[in-house]
Amino acid sequence: MNTITYDHHFNGNEWFVIGLMSMGFAAYWLLPRTLSPLQTIFTMLLSVTFGLIFDHTIAVPPFDLYDVGDRSSYETFDLISYLMYAPYGYLFIYGAERYRISGMPVIGYIILWSGISLMFEWFGIKVGLFHYKHGYTILYSIPIYLVVLSIQLKMYRAAFSNQRWQEYNKNHIQ
């Protein structure tokens with residue numbers, strides 16, 4: 001088993017999170033608005049929630065497959081690090097909606113975003129944000145990203161499908 005060396009200073013991993021958040025939120029602010037405020041909030045909260053759920057499922061006992069941040073225990077900056085998922089979840093949904101990706105192309109789109117997620121995770125490993133344990137490798141993250149992104153897109157489209165809202169308006173607003 002490899003020994004994990006934790007860095008207890010404000011440095012690379014914190015700057016990585018701040019940089020990712022800055023780039024993600026800058027992209028959000030610069031792109032034309034195609035999602036409503038409700039859709040935006042839903043998407044960003046869902047992204048943060050999925051990050052929390054998976055990190056607190058597989059990164060804590062009994063699995064304890066990796067640590068996030070400067071120590072094995074939870075710290076304040078870990079909470080801030082979950083906010084980095086918000087703009088990227090938004091950008092994922094934004095692209096799917098803006099370019100009307102549906103049918104078979106959705107599979108390629110989800111694979112593309114899984115690759116982007118793996119790239120960010122790989123950089124996170126290099127700067128000391130993620131510390132794998134018990135034989136976990138980045139390859140195990142592939143099915144997690146594929147499933148999470150599929151569920152996120154499905155939940156978004158179930159909540160905000162045009163047909164659903166048109167039927168609601170037709171039946172309830174006369």
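The values are calculated or read from the model by the stated rules, or taken from the named source; none is laboratory data. Being a predicted model, the structure only gives us computed values, none of them experimental. Cβ atoms come from the backbone with ideal geometry, glycine included; neighbour counts cover every protein chain shown.
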*Could you please tell me which pairs satisfy a Cβ distance under 8 Å, a separation of 6+ or placement on different chains, a first residue in region 41-56 that is loosely packed, with under 15 Cβ neighbours inside 10 Å, and a second residue that is of a type in the set (Gly, Ala, Ser)?*
Leu45/Ala86
*Close pairs from region 131-156: first closer than 14 Å to Asp64 by Cα, partner assigned to a strand (DSSP E or B), Cβ under 8 Å, at least 6 apart*: His131/Tyr66; His131/Asp67; His131/Val68; Tyr132/Tyr66; Lys133/Tyr66; Lys133/Asp67; Tyr136/Tyr66
*Any chance region 98-117 includes a residue that's within 26 Å of Leu31 (Cβ to Cβ), among the charged types (D, E, K, R), at pLDDT 90 or above and within 13 Å of the chain's Cα centre (by Cα)?*
no
*Answer yes or no as to whether Ile116 is free of Cβ contacts under 8 Å to residues at least 60 places away in the same chain, surrounded by fewer than 16 Cβ atoms within 10 Å (Cβ to Cβ) and either in a helix (DSSP H, G or I) or touching a helix residue (DSSP H, G or I) at 6+ places or on another chain (Cβ under 8 Å) (or both).*
yes
*asked:* Test of understanding: among Asp7, Asp78, Asp64, Asp55, which residue is assigned to a helix (DSSP H, G or I), at pLDDT below 95 and over 20 Å from Ser114 (Cα atoms)?
replied: Asp78
